[in-house]
Amino acid sequence: MQTSSTINEAHDRPVVLVVDDAPSSLGMLCDTLEAGGYTVLVAVDGEAALERLELVAPDAILLDGMLPGLSGFETCRRIKANAALAHIPVLFMTGLSETPDVIEGFACGGVDYVVKPIRAQEVLARLHTHARNARIARMARDAVDVAGMGVVFVDAHKRIAWRSPQAAQWLQALGAPGSAGLLPAALQPALLQGSGAAPTLLYAGSARLSVRNLGSATLGETMLLLAQVRGGHAMGSSNLGRLAEAALTPRETEVLSWLAKGKTNRDIADILGMSPRTVNKHLEHIFEKLGVETRAAAAALASGQLA
């Protein structure tokens, strides 16, 4: 249960949704998660979980595989079919440890599973790792938007596995897909092109877009890079090359992303949970890798304003 201090700090705490039809049996797990720094939400079945997800996007989901009504596996499939939720790591809690059940859990989008009876400290360790990795991946992908571009990850069934905020705006301008979660038809020809092919050109509302297939990414997904075309050239293309060649670490990418959004060193330190001195160290490495000398130059490069 939350104390008054944890309630006051709730906006700084990662959120985990626990979905189980017998939540009373998970009291120790919930207590351990809250003591470990998480805000815990609970749903008793798949439908209730989906309703909660309409209101909040947690940092991770602990999902019982055997639920009344909508099964945990089907619940996971619906979560992963929603582009706005697909990035959330789902860890299955199940008493089913037979190989087919484990395979189904991964096939429907789960990243890990723990077998009941639950060992709370083990769950906490696994949850921390997956939530942190998902957060770093989101931040790294968000940095592409800073360069004035958008990214879409598409699975083998042409479903959108993840989209960056800028890409989401352009996808909305392209109109609703033919089926929930599917890539809009206008973008599907890009999936047939090789990673070295010329980009596809199309319009999303008033914006003229260049769509380039960057090839296979993680989990068999295809990565599409969207950029607005002005004057015959994709905005930010030269900057993207410089950023890619710089080979920034995920942490350096996070720092650069927030720098480009106008945050101070102290702001960045608070957001990323590090000291201002550590932020300075990361900036030194970023400046060296990008070949710039000032914060303004690094921010301009990241935001697509520096040729």
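So the values come out like this:
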quantity	calculated
Selection from region 252-307 of residues that are modelled with pLDDT of 85 or more and loosely packed, with under 15 Cβ neighbours inside 10 Å	Thr264, Arg266, Ser275, Pro276, Arg277, Asn280, Lys281, Glu284, Glu288
Positions within region 40-63 being within 19 Å of Asp112 (Cβ to Cβ) and of a type in the set (D, E, K, R), in sequence order	Asp59
Pairs, first of a type in the set (D, E, K, R) and at pLDDT 80 or above in region 94-117, second open to solvent by 70 Å² or more (accessible area, probe 1.4 Å) and assigned to a helix (DSSP H, G or I), C-beta under 6 Å, six or more apart	Asp112/Arg126
Tally of residues being open to solvent by less than 40 Å² (accessible area, probe 1.4 Å) and at pLDDT below 85 across region 23-52	2
Members of region 117-133 found to be part of a helix (DSSP H, G or I), among the hydrophobic types (A, V, I, L, M, F, W, C) and touching a Leu at 6+ places or on another chain (Cβ under 9 Å), listed by number	Ala120, Val123, Leu124, Leu127
Total residues in region 63-88, condition within 12 Å of the chain's Cα centre (by Cα) and open to solvent by less than 10 Å² (accessible area, probe 1.4 Å)	1
Long-range neighbours under 9 Å by Cβ, at least six apart or interchain, first residue part of a loop (DSSP other than H, G, I, E, B) within region 201-230, second crowded, with 21+ Cβ neighbours inside 10 Å and modelled with pLDDT of 85 or more	Gly205/Trp170; Glu221/Val154
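The values are calculated or read from the model by the stated rules, or taken from the named source; none is laboratory data. Not measured: the values here are computed from a predicted model. Note that we place each Cβ from the backbone using ideal geometry, even for glycine, and neighbour counts take in every protein chain shown. Just so you know, the surface numbers come from the protein's heavy atoms only, side chains and all, with ligands and any DNA or RNA stripped out. Shrake-Rupley method; radii C 1.70, N 1.55, O 1.52, S 1.80 Å.
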